[in-house]
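Below: one structure, written as structure tokens.
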Amino acid sequence: MKYNNANYNSSDNSEGKMAFEVGNKKDHSLTLSILASSIILASAWIYTSEFKTTPEQKANLVATEQKKQLSELETIVLPSQGVELPVIWGDLGKKLVDDGVIDADKFKAIYEQRETFTEKYKNLLFGTNNEKLKITNENSGYLLNLLWALGLGSKNPILDTGEMVDPKYGGAKGFASTGGWSIAKGSVMDHYSHHSYFNLTPEQQALVDKVSRGIYRPCCGNSTHFPDCNHGMAMLGLLELMASQGVSEQDMWKTALAVNSYWFPSTYLTLATYMKSQGTEWKNVNPQEMLGSKYSSASGFRNISSQVTGPTQQNGGGSGCGIDAGGAPQQQQSQAQQPGCGI
């Protein structure tokens, strides 16, 4: 009987031990499973906590991306190295001074007060320049004033018979482009369309007339053919200069767009942003189309800008409509101020 009891107890103990070991393994596996699940849940919580952004953070991310895109557009629309224009200035500055269209002392004083009357500026006003003109963010306002004087003083049928002398406007002397030019010797109207700086052929004059009718500016609703503000008069002077030196129509449109971009930087960066949103890079736009009333007039631009969101460039260029527009970039008016035409 003892033998049988011993066999029975041994077998019973073995089974108990096996049951304990199996149970122990199950408990261990369960513990590992719980631990693994905890780690996974903790990792997921950490991941979602780390990358979850608030509305404010999302807005900042969007703003950062927009500024990056704007910076990229600036290098295309307003290259820091400037844009070479297809014209040579020659001694036109000296002629404008000699004829009294520009009072040199008053003109210089504007830039000497700002400590920006550089040797290059001095040479453009008094010397002879046989290299192609280049417009930059820094000199765009200075060129604006020089070209304003040129357009104002140069004898041209557009000034003699166009909108500027239409009786319904009260005569040419009441516009910003004439009454605003306060740095001539004598009366400004003594110089209005008075000096023969160019001897344009009928074909060249026809080209100036055609292109001038298609170039608008965002400070008003008029084309260059009606140069009632400084930008319009300056663009007219540039068109005459280009025509006199045999520049093609295509290059006239291209040059006018580049110059307008430096004179109205915020406007054309906004237009470039809009065109990009429509799938067209700025380098591929049609200059004539961009300069038309749909995009470059005051009303046209307002319509386009209402469809664009994001930051716009605020500094640089000669966007003001008075003589003092040609200063340092930080002194320029913002986009919200650009449309006005007056000193």
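The values are calculated or read from the model by the stated rules, or taken from the named source; none is laboratory data. Remember, it's a predicted structure, so these values are computed and weren't measured experimentally. For neighbour counting, all protein chains shown are included, and Cβ atoms are generated from backbone atoms with ideal geometry for every residue, glycine included.
Assorted remarks:
- Residue within region 147-164 that is β-branched (Val, Ile, Thr), surrounded by fewer than 20 Cβ atoms within 10 Å (Cβ to Cβ) and more than 32 Å from the chain's Cα centre (by Cα) present: yes
- Single residue of MET242, MET233, MET252 found to be touching a Leu at 6+ places or on another chain (Cβ under 9 Å), of a type outside the set (Lys, Arg) and over 26 Å from SER305 (Cα atoms): MET242
Results for (1) of a type in the set (Gly, Ala, Ser); (2) touching a Ser or Thr at 6+ places or on another chain (Cβ under 6 Å); (3) over 18 Å from PHE226 (Cβ atoms); (4) not assigned by TED's automatic domain parsing to the domain that holds SER223, shown as yes or no for each residue.
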position: TRP89; (1), (2), (3), (4): no, no, yes, no
position: GLY93; (1), (2), (3), (4): yes, no, yes, no
position: LEU96; (1), (2), (3), (4): no, no, yes, no
position: THR118; (1), (2), (3), (4): no, no, yes, no
position: LEU125; (1), (2), (3), (4): no, no, yes, no
position: GLY170; (1), (2), (3), (4): yes, no, no, no
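- Residue in region 221-239 that is of a type in the set (Ser, Thr, Tyr) and surrounded by 24 or more Cβ atoms within 10 Å (Cβ to Cβ) present: yes
- Residue check, TYR216 of a type in the set (Phe, Trp, Tyr) and crowded, with 22+ Cβ neighbours inside 10 Å: yes
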